[in-house]
Amino acid sequence: MKCPTCHRPSKWEDNPHRPFCSERCKLLDFGAWANEEFRVPAEEPAPSLEDGEQNPAPSNDDSDRLARP
Amino acid sequence: MDSTYKEETGLSTATLSKKRDSYNATSITVLEGREAVRKRPAMYIGSTGEMGLHHLVYEVVDNSVDEALAGYCDTVEVTIHMDNSITVIDNGRGIPVDYHKQEKRSAAEVVMTKLHAGGKFDTNAYKVSGGLHGVGVSCVNFLSEWLRLEIWRDGATYEQEYKRGIPVTKLEMTGKTRRRGTKITFLPDSEIFDVNEFSFDKLSERLREKAFLNKGIRITIKDERIEPERAHEFYYRGGIAEFVKHLNKNKSVLHDKPIYFEKSSDALSVDVAIQYNDGYDEKVYSFANNINTVDGGTHLSGFRSALTRTINAYAQSSGLAKNFKSSLSGDDVREGLVAVISVKLPQPQFEGQTKGKLNSDVKGAVESFLNERLTEYFEQNPTVARKIVGKAIDAARAREAARKAREIVRKGAIGSTMLPGKLADCQERDPAQCELYIVEGDSAGGSAKQGRDRRFQAVLPLKGKILNVEKARFDKMLSHSEIKTLITALGTGIGKDDFDLNRLRYHKVVFMTDADVDGSHIRTLLLTFFYRQMPELIESGHVYIAQPPLFKVKRGKREEYIKDERSMVRYLMRQATSDLKVVSDKTKEVFEGHKLAQALEQVVELRRYCEKLVRRLGNDEDLLHLLLKAFGGQEGILHEGNTTLKGVFQDEVGEQIGRVEELLSEAGYKTELSSDEEHGLWEIETTAAGGSKVKIDWELASHVEFQKAVEIYKTLEERLTAPFILGENGSKETIESREELLDRVLNTAKKDLMIQRYKGLGEMNPEQLWETTMDPEKRTLLQVKIDDAVETDQIFTILMGDAVEPRRKFIEDNALDVKNLDV
C-alpha cells in the first residue's frame, strides 16, 4: 500500500502512523486538512441555501438544550 | 639500573641534601595534585561512572594522536585485557626521558605525575593539540590502581611503575630496542570507579571517530576478554567525508557524494563534510583540535548560520520558495542533515562543565568561509541544491502543520464542558451506549435532532464550505472550524501525542449524508479524514454509514420505504407480476409470478452492465447490441461447443473473430481485422457512430461488464426469448422485445403506486427519518471496514487529484452509477 502523502510504499501492520509511512507524512496530511486544502467537487449551491446558518431551520435546536444535564 | 638513572639525572653528592628537600617539596605539590584528583575525580574526568572510566582511555589515546598530529606517529593500538586493564601503544617518539631540571625528575615522571603537564608543556612542541583540552595522562595515573609505563626511545627501553599515582620505581632503562614509541598499561582504581567494565563498542566508536578526524592514522582495538577476541582496525584516507558516509550507512541519502570543504592555515583550519539523508534527525558532530565538542561552540554556530543563510538565499533565488511565505528556520534546514565540522587552531579555549564547548573567536571566520563555499557549491550543483532546499521546505510545512494540530487540540482538550455548541448531545454518559450521527447540511441536521432518541443519540450537523473554484466549478470542503468541532465532539483528540481511543465519547459514529452525488462526495471526504487521521476508529469498528431510504412507496394506505434502486425494481416486479402472465411466442414457455420477476430482474442487470459497457464503445448502442448478438446471441460464437471468450481472440486462423467482423461490416461499420503481434491476439478496429475509434480486443473483452453482459444476454436469449404474448385480465397483446416487456411491466406496477424519491435527508420529516434510518429496531447500518476505507481513499485521491481528466471521468462515471433507474 502507498503512503497517501509521499506515495512511497507504506505498511499497515505494526505501523503507528498507518496508513502513512511516517509521522511526518501524517502530520503534513493533517496540516492540509487544517489548511482547508482537501476538497471534493460539489454542485452549485442553490441561492437560497447560501446562508444556511442564518436561515433558522425550524426546530433546529429544539432538543439539544433538553438533552444536556 | 639505578646508576643509569643517577647518571642521567646527574646528581652530585653536594647538592643531594638540598635536592632531597626540594624533591620533597615538589613531591608535596605532586601529592597535592594527586589528592585533589582522587578526592574529586568527577571534576577532572566528568564522572566516576562509565563515562569517566572510558575517558581514561581517551586521555591516553589523545596523547598518541597528538604525536600523530605532529607527524611522528601513525599507529595506535588499544587492548582491553582480561582484568579490564588497558594497554595503549603508539609508534611516536616516546615520552622524553631526560632529566627535567626544574622538576628535578625525569621528564616522563613529570608527565605522569603533574597535572596539565605532558608533551604540551612546551608550547612549541605541537602547533595544535587536542590534549590541551584534556587533563593529561597524570590523571589516568592518579586514578589507576597501577600503571606501567614503557618507553622506547633512542635505542633504549625505559620502564616505570606507579601505584595510585605514586612511583613504585624510578624510570629505569631496562634494555635495548630498535622500536620507537610509548606503551602505557593501567588498571582503573576500583576504589574510585563505580563501574570497571569497559565497553568494546563504546571505545570502538570513539576510536573510529579519531581515525576519521585524522586521515591516515591507523587505530586498532582488541578485546581479550572474550574468546575469540574481537578486534577492529580504523584507517580512513577520506577523513571526515568518509565519516559522514559512515554516519549515513543504511540511510537513504539525498546526494551520493558528501559535500566537502577544507581550508588550512596556521591560524585556523576548517574541515566540513555534509551529506543529507531522507530522515528527520540532525546529526552534526563538531570537533576542535580533535576534541569532540559535545556542546558545540563558536565553530558550530558559524556553521549553522552559514547553512541557514545559504539555503534560504538559494530557496529565494531559485524560486523554490515561491509558494512558501515564511523563511526556513535553522531546524528546517537541518532536518536529515549529517555533518562533521572539524577545526584546528592554536591554543583553543573551551568552556562548560565538561569543557565540551569551544569558546575561541572563530564564528565569523567559519561562517564567511562556509557562506562563500556553500553558495558556490549550490550554484554548481543545482540538482543537489534543489533536493536540499526541497527537504527544508517540507520540514517547514510540517512545522506549520504541527502548529495547526496543536491549535486544534488545545481548544479541544479542555473537556466536555467545552463541547461545540452545535452538537446536540445525548443524555447517556456511557460511551458504549452512545451514538453520534454526523449529518451534513442544516435542514437534515434539524430533522435528525428532532427525530432522534435523545437518550443515547447525539447529532452533529456539519456544513461543508462551498468554494467557487472556476466559473462553473464548485468545490466543497470541511473548514478548519468544522474539523475542530468534529474532533472535539468525538473526544479522542488527534495526533501522535494526543489521540486516545479510550476517550471516544460514542462507540457508534454514524455518517448520515444525502443519497445523491453531493452526499456521496462529502461522505468520501469525511471517511478519508477518519481513515487517515484516526484509522483506529475504523479498525475497532466504531464507524458506520446510515442507510436512509431512496424511495417511499404508497399503495392505498400502505407506506413502504425502499433503500435503493435494486430493491425498488424488485419491489415493482413483485407488485406487477402478481397478476400477469407472459408467454414466449417462440418457446411457448410461460412466465408468471416469481419466475417472471426473476427473469425481468436479469433484464435489469443486463441494462446495468450495458450502461457501463456502452461507454467503452463510444456510446454507440447499436454497436453494443451487434456485439452482444455476435458473441452471446442464439447464433453467436459462444454458442458453439466449448468456445471460450479468450479463445475467440486467440484462435490461430481467426475464424471466429472473422465472423464478428463480418457481422459488423454487414451492419455498415468500417472494420479492420489485425493481429496484435506482441500478444498474438486478434483485434478489430472500427469507428463508432459518434466518430470515435473503438478497438474490439481482449482488453475490452476482459472487462467484467463485457463478460457479464454477454453472459446474461446469452442466458436471456435462451430462456426469455422475444417476442412475447402478454396476458392481463383476459386481454392479449404482443410485445416485441425484452426491454419493451420490462418497461411495460414497470409501468403497470407504478399505476397504483405513489412513489416519492428522496433527494436529500431534509425531505424526510423527523418521524420518517427516525423510522427509516435512526431507529435501532428498523435501521440498517453499514459498518465501515478498513478495506472500504482504503478504497474510499483511492476515490478521494482521484477526486482531489490535479489530473483533470481522470477527475472529470470519475465524477461522470460515479454520477451514472448513482443515477436513478427512471422510475
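The values are calculated or read from the model by the stated rules, or taken from the named source; none is laboratory data. Since we're looking at a predicted model, the values are computed, not measured. All Cβ positions, glycine included, derive from the backbone under ideal geometry; neighbour counts span all protein chains shown. Only protein heavy atoms, including side chains, enter the accessible area calculation; ligands, DNA and RNA are left aside. Shrake-Rupley method; radii C 1.70, N 1.55, O 1.52, S 1.80 Å.
At a glance:
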item	result
Whole-angstrom gap from the stretch B:603-654 to the stretch B:295-322, using each part's C-alpha centre	66 Å
P(r) histogram, all alpha-carbon pairs of the protein assembly as shown included - 10 Å bins from 0, percent	2, 9, 13, 13, 12, 12, 10, 8, 7, 6, 4, 2, 1, 0, 0, 0
Accessible area, probe 1.4 Å, largest first, for residues B:HIS594, B:HIS542, B:HIS232	B:HIS594, B:HIS232, B:HIS542
Relative contact order of the stretch B:547-608, pairs being alpha-carbon contacts under 8 Å that are 6 or more residues apart, as %	22 percent
Area accessible to solvent at B:ARG455, 1.4 Å probe radius, in Å²	150 Å²
Label-to-label distance, nm, for residues given as B:GLU35 and B:MET51 (7 Å Cα→Cβ offset)	2.9 nm
Accessible surface, 1.4 Å probe, highest first, among residues B:ARG373, B:ARG503	B:ARG503, B:ARG373
Summed buried accessible area for A+B [probe radius 1.4 Å, Å², rounded to 100]	4700 Å²
Separation of alpha-carbon centers, the stretch B:748-798 and the stretch B:481-555, rounded to whole Å	15 Å
Relative contact order %, chain B, counting alpha carbon pairs below 8 Å whose residues are six or more apart	8 percent
Cβ-defined net charge surrounding B:GLY155, 12 Å radius [Lys, Arg +1; Asp, Glu -1]	+4
For A:4-14, mean number of other protein chain Cβ atoms within 10 Å	2
Electrostatic dipole magnitude of the protein assembly as shown [Cβ: Lys, Arg +1; Asp, Glu -1; Cα centre; debye, to 20]	3460 debye
Percent carbon-and-sulfur accessible area, chain B, ignoring ligands, DNA and RNA, probe 1.4 Å	47 percent
Estimated dipole of chain B in Debye, rounded to 20 [Cβ of Lys and Arg +1, of Asp and Glu -1, Cα centre]	3400 debye
Mean Cβ neighbour count within 10 Å, used as a protection proxy, ranking B:552-558, B:701-707 highest first	B:701-707, B:552-558
Surface accessible to a 1.4 Å probe, B:SER567 within the full protein complex, Å²	40 Å²
Anisotropy class of the stretch B:365-412 from Cα gyration tensor, a/c 1.5 cut	oblate
Averaged over B:473-484, number of beta-carbon atoms from partner chains that fall within 10 Å	4
Packing-based ranking, highest mean first, of B:336-343, B:248-255, B:764-771 given that Cβ atoms within 10 Å are counted	B:336-343, B:764-771, B:248-255
Label zone at B:ALA667 (point 7 Å along Cα-to-Cβ), backbone N below 17 Å, the stretch B:642-657	B:657
Simple label model, 7 Å out from Cα along Cβ direction - B:THR587 to B:ASP281, nm	7.3 nm
Mean Cα-pair separation over length for the stretch B:227-285, i.e. relative contact order, pairs under 8 Å, 6 or more apart, %	33 percent
Spatial separation of Cα centroids for the stretch B:151-228 and the stretch B:277-294, in angstrom	28 Å
Cβ charges +1 (Lys, Arg) and -1 (Asp, Glu), total dipole of the stretch B:456-591, debye	560 debye
Ordering of A:8-16, B:393-401 by burial proxy (mean other Cβ atoms within 10 Å per residue, highest first)	B:393-401, A:8-16
Value of [θ]222 nm, deg cm²/dmol, for chain B, DSSP H segments ≥ 4, -39500 (n - 2.57) each, nearest 500	-13000 deg cm²/dmol
Sites B:ARG386 and A:GLU13 - FRET efficiency at Förster radius 41 Å, r taken between beta-carbons, to 0.05	0.70
Degrees separating the helix B:50-69 axis from the principal Cα axis of chain B, which is the longest one	70 degrees
Extension reserve of the B:ALA156-B:GLU262 stretch, reckoned as 0.36 nm per residue once the Cα distance is removed	34.1 nm
FRET efficiency for B:PHE324 and B:GLU351, using Cβ-Cβ distance with R0 set to 41 Å, rounded to 0.05	0.60
When each of B:LYS422/B:LYS552; B:LYS210/B:LYS257; B:LYS39/B:LYS222; B:LYS595/B:LYS759; B:LYS104/B:LYS163 is checked by Cα-Cα distance, pairs over 25 Å	B:LYS422/B:LYS552; B:LYS39/B:LYS222; B:LYS595/B:LYS759
Label-point gap, in nm, between B:ARG757 and B:SER269 - each point 7 angstrom along Cα→Cβ	8.4 nm
Dipole-positive endmost among B:LEU213, B:PHE198, B:PRO228 within the stretch B:184-233 (Cβ charges, Cα centre)	B:LEU213
Residues of the stretch B:744-772 with amide N under 16 Å of a point placed 7 Å along Cα→Cβ from B:GLU601	B:746
Backbone N within the stretch B:50-91 under 11 Å of label point (7 Å from B:LYS202 Cα along the Cβ vector)	B:50-57
Angle between chain B longest axis and helix B:13-39 axis [Cα atoms, degrees, rounded to 10]	20 degrees
Paired Rg and Dmax values of the stretch B:550-668, which use every Cα atom, in angstrom	19.4, 65
Partner chain coverage, peptide A:21-30 - average Cβ within 10 angstrom	6
Farthest positive-ward along the protein assembly as shown dipole, Cα basis, beta-carbon charges - from B:PHE456, B:GLY495, B:HIS81	B:HIS81
B:GLU740-B:ASP453 FRET efficiency (beta carbon distance; Förster radius 51 Å; 0.05 resolution)	0.60
